[in-house]
Ligand SMILES: Nc1ncnc2c1ncn2[C@@H]1O[C@H](COP(=O)(O)OP(=O)(O)OP(=O)(O)O)[C@@H](O)[C@H]1O
C-alpha cells in the first residue's frame, strides 16, 4: 500500500498544498521547525485518527486559520482509497473513507496501515504502563478490526462503574447496576486480555530474532495483568475476571475505583534479565524501542499481507550505521517517509525540501 497524493490545508504550519509521492522512499528534508514532522503527523492521522504527538484538534489548526483539512489518496492492493479528515474550531472533527462519513475511529483504523518511528518511542520503554498499553493497543487495532471498538466500550463501562462506586448514595439499585456492569466489563475485558496476550507473545518471539541481528543483548517481553496469569481462552478469562470483580466489590466501593481489569495491564520489558525501565542505558532503551517498532512492522505485514507505510521521523540520526542498514534492508518494498535535516545523509527515490511549511519536490 502507498500514499499517492496528499492534499493539506491549514494543518499546523502547512498551508494549502497538494503533493504526489513515490511508492518507494520519500526523503523529507529541511532545517529545524520547517514542518517535516507535521507532514508525517498528517499521514499518521489518516491512518489511526490520532496525532502521534498527542496534539489536540484545536492545536492542529494553523495559528491564523479556523480549520484544517487533509486528504490522502492511497493505493491499497491496486485499489484507490481516499481518506479525508477535517476540523473547524468549535465543531466536531469528521473522517471520510471513499467519500462516506464514518462514525467512529474504530471503523477507520486498519484501512491505511502505518508504522511510525520517532524519538518519543523511548517513552514506550521508560514511560508509564499507560504508554505501553497505548502502543500495544494501536498495534493490535491495525490488525484486529473490532479491537478498538472493544477498548472504547470497555472504557465507557469502566467509567460508569467507577462513577457508581464513588456515589455516596449507594443504594440497592446501584448493586443491581453493578451486576450488569460487571458482566459487560468482563465481556469486553476478556477479549482485550486475550488479544493482548496473543499479540505480546507473538511480538516477543519476533523481537528475539531482531535483537539477535542488531545487538548482543537479550530482550524479553512479558504481559502482566491482574486478572489471570495463564488462561488464554475467552471463557476462562471472562469467568475469572467476573469472579474478581464480584469478590472485590466491597473494596472497590471503599476506594471508589475498579482494582481488577486490563486498564491496569503492563508489558514488562527486561534486558539481559533486568527491568529495562530501571536498568537499561539510553542506548539499550533505544535498541528496545527500535525492536518494538520493527516487530510491530513485521506483525502487521505478516497478518495483513501488505507492508505498512513506514514513517521515520528524525530517527536515522540517532542510530548507528549497523542499525540504519538493518532498517533499510528489513523494510524493502514498502513506501517510506524519512525526515532529516540533511538531504545527503539518506538514500531515497524522491526528495522534498520543506521550507517554512511549503513542500517543494526536488
Ligand atoms: N497550530 C499551528 N499553526 C502554525 N504553526 C504551527 C502550529 N503548531 C506548530 N506549528 C509550527 O510548526 C513548526 C514545527 O514543525 P515540525 O515539528 O514539523 O518541525 P520539523 O521540521 O520536524 O523540525 P525539527 O527538525 O526541529 O524536528 C514550528 O515552527 C511550530 O511553531
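The values are calculated or read from the model by the stated rules, or taken from the named source; none is laboratory data. On a predicted model such as this, the values are computed, not experimentally measured, just so you know. Neighbour counts run over all protein chains shown; Cβ positions are idealised from the backbone, glycine included.
Evaluating residue 55 against the criteria (1) at pLDDT below 95; (2) more than 8 Å from the ligand (Cβ to nearest atom); (3) under 24 Å from the mean Cα position of the chain (by Cα); (4) within 20 Å of residue 339 (Cα to Cα) leaves one unmet condition, (2).
The single condition from (1) free of Cβ contacts under 8 Å to residues at least 12 places away in the same chain; (2) farther than 27 Å from residue 222 by Cα that residue 162 fails is (1). Per this entry, residue 66 is not counted among residues that are more than 14 Å from the ligand (Cβ to nearest atom) and touching a strand residue (DSSP E or B) at 6+ places or on another chain (Cβ under 7 Å). Kindly provide the set of residues from segment 300-327 that are more than 22 Å from the chain's Cα centre (by Cα) and either in a helix (DSSP H, G or I) or surrounded by 19 or more Cβ atoms within 10 Å (Cβ to Cβ) (or both), ordered by number. Of everything in segment 300-327, those that are more than 22 Å from the chain's Cα centre (by Cα) and either in a helix (DSSP H, G or I) or surrounded by 19 or more Cβ atoms within 10 Å (Cβ to Cβ) (or both) turn out to be 317, 321, 322, 323, 324, 325, 326. Which of the residues that make up segment 69-80 are away from the ligand (no atom under 14 Å from the Cβ) and in contact with a helix residue (DSSP H, G or I) (Cβ under 7 Å, 6 or more places away or on another chain)? Once the filter is applied, which keeps residues that are away from the ligand (no atom under 14 Å from the Cβ) and in contact with a helix residue (DSSP H, G or I) (Cβ under 7 Å, 6 or more places away or on another chain), segment 69-80 yields only 72. Residue 176 meets the conditions (1) assigned to a helix (DSSP H, G or I); (2) in contact with a helix residue (DSSP H, G or I) (Cβ under 6 Å, 6 or more places away or on another chain) in every case but one. The failed one is (2).
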